[in-house]
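A.B. asks: The structure under discussion is supplied below as structure tokens; questions concerning it will follow.
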Amino acid sequence: MIKLVNVCKSFGDLEVLKNVNLEVKEGEKLVIIGPSGSGKSTTIRCMNFLEEPTSGEVYINGTKLTKQNRIQVIRDNIAMVFQQFNLYPHMSVLKNLTLAPMKLHHKSKAEAEELAYHYLDVVGLRDKAHVYPTALSGGQQQRIAIARALCMQSKIILFDEPTSALDPETIQEVLDVMIKLGQEKNITMVVVTHEMGFARSVADRVVFMDHGQIIEEGTPEHFFTDAQNERVKLFLSKIIR
Ligand code: ADP
Ligand code: MG
């Protein structure tokens, strides 16, 4: 579904990714953890070419991403949820959800709205359709951002620390929505998060990044019980409560 082959990324002299090889299977739920600055965001941003690798290849559904095909391939396959929600503040929730399906997928207004209400139900916010994002709590805004990603009907959804900008009391409502999505067999999820409880209930596999490389991988259970690398163990001792 997603395959990174020898992906390297530099910003000027700074080598941020060093030969990352990673395959995510169809329907797989992958969690990426690791210290700040280790290259987690850059890795998932390379999956949809928000960052273009300096070298190496990215394959989506067997198609190699190129400058020429990336807009089409990403539009057809991948949606992303960001730490800062990135909703349009001057548009109602419904407008936020229908914009891309109408513009990019050429849906009629009626079709796009039907889709929007369907996914508003999924995230439990149908009653907020006509509200502006600024009137919502952080947790609600992030649930809307997830609904917006779902409206793209992509098979792959990337999440970059979706709960780390939230007030503690709204984190769980977002995780609950993501846990529900995690039960969808045909959705492939790649999630950068330090919520190990979430990882435990949803992830098929966890990869640990450090200094631009994947240094350990395994099931969530593996990380709880027998992580090998000392840096991994130290990191986990700090985040697991
Ligand atoms: P993480 O998500 O694990 O915290 P990132 O992938 O965001 O790490 O960043 C890895 C490194 O790359 C960091 O040192 C960061 O400062 C640097 N970096 C990320 N994006 C850019 C950019 N656009 N320009 C320059 N440096 C960047
Ligand atoms: Mg990051």
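A.B. asks: Mind listing just one residue for me: the one in region 91-107 that is within 20 Å of Leu158 (Cβ to Cβ) and in a loop (DSSP other than H, G, I, E, B) and, of those, farthest from ligand 1 (Cβ to nearest atom)?
C.D. replies: If we take residues in region 91-107 being within 20 Å of Leu158 (Cβ to Cβ) and in a loop (DSSP other than H, G, I, E, B), then His105 is farthest from ligand 1 (Cβ to nearest atom).
A.B. asks: Taking region 171-197 as the region of interest, how many residues are modelled with pLDDT of 95 or more and either β-branched (Val, Ile, Thr) or under 14 Å from the mean Cα position of the chain (by Cα) (or both)?
C.D. replies: Here the count works out to 15.
A.B. asks: Could you pull out the residue among Tyr88, Tyr117 that is more than 16 Å from ligand 1 (Cβ to nearest atom) and part of a helix (DSSP H, G or I)?
C.D. replies: Residue meeting the stated conditions: Tyr117.
A.B. asks: A further question follows. Is there a residue in region 53-66 that is surrounded by 18 or more Cβ atoms within 10 Å (Cβ to Cβ), within 19 Å of the chain's Cα centre (by Cα) and closer than 30 Å to Leu120 by Cα? So that I can check it myself, show each step before the final result.
C.D. replies: Restricting attention to region 53-66, the residues satisfying the condition of being surrounded by 18 or more Cβ atoms within 10 Å (Cβ to Cβ) are 53, 58, 60, 65.
Cutting the leftovers down to within 19 Å of the chain's Cα centre (by Cα) gives us 53, 58, 60, 65.
If we keep only those that are closer than 30 Å to Leu120 by Cα as well, we get 60.
Yes, some residue in region 53-66 is surrounded by 18 or more Cβ atoms within 10 Å (Cβ to Cβ), within 19 Å of the chain's Cα centre (by Cα) and closer than 30 Å to Leu120 by Cα.
A.B. asks: Which one of Asn77, Asn48 is open to solvent by 10 Å² or more (accessible area, probe 1.4 Å), closer than 18 Å to Ala149 by Cβ and within 16 Å of ligand 1 (Cβ to nearest atom)?
C.D. replies: None of the others qualify; the one that does is Asn48.
A.B. asks: From the residues in region 18-36 that are more than 10 Å from Met209 (Cβ to Cβ) and assigned to a loop (DSSP other than H, G, I, E, B), which one is farthest from the chain's Cα centre (by Cα)?
C.D. replies: Ser36
A.B. asks: Answer with yes or no whether Leu104 is touching a helix residue (DSSP H, G or I) at 6+ places or on another chain (Cβ under 8 Å), exposed (fewer than 15 other Cβ atoms within 10 Å of the Cβ) and either closer than 28 Å to Ile44 by Cα or basic (Lys, Arg) (or both).
C.D. replies: Taking the combined requirement at face value, the residue satisfies it.
A.B. asks: Only one residue in Gly39, Gly12 is open to solvent by less than 10 Å² (accessible area, probe 1.4 Å), within 9 Å of ligand 1 (Cβ to nearest atom) and either touching a Leu at 6+ places or on another chain (Cβ under 8 Å) or on the phi > 0 side of the Ramachandran plot (or both), so which one is that?
C.D. replies: Result of the check over Gly39, Gly12: Gly39.
A.B. asks: Of (1) free of Cβ contacts under 8 Å to residues at least 24 places away in the same chain; (2) under 16 Å from Asn48 (Cβ atoms), Ile156 satisfies all except one. Which?
C.D. replies: So the condition that Ile156 fails would be (1).
A.B. asks: Applying the selection to region 37-77, what residues are aliphatic (A, V, I, L, M), free of Cβ contacts under 8 Å to residues at least 40 places away in the same chain and not in a loop (DSSP other than H, G, I, E, B)? Before you say what the answer is, go through the steps one by one.
C.D. replies: Filtering region 37-77 for residues aliphatic (A, V, I, L, M) gives 44, 47, 50, 58, 60, 65, 71, 73-74.
Narrowing the set further to residues that are free of Cβ contacts under 8 Å to residues at least 40 places away in the same chain leaves 50, 65, 71, 73-74.
Across region 37-77, the qualifying residues are Ile71, Val73, Ile74.
The values are calculated or read from the model by the stated rules, or taken from the named source; none is laboratory data. These numbers come from a predicted model, not from an experiment. Every residue, glycine as well, gets a Cβ built from its backbone with ideal geometry; the counts of neighbours run over all protein chains shown. Surface areas here come from the heavy atoms of the whole protein model, side chains and all, with no ligands, DNA or RNA. Shrake-Rupley method; radii C 1.70, N 1.55, O 1.52, S 1.80 Å.
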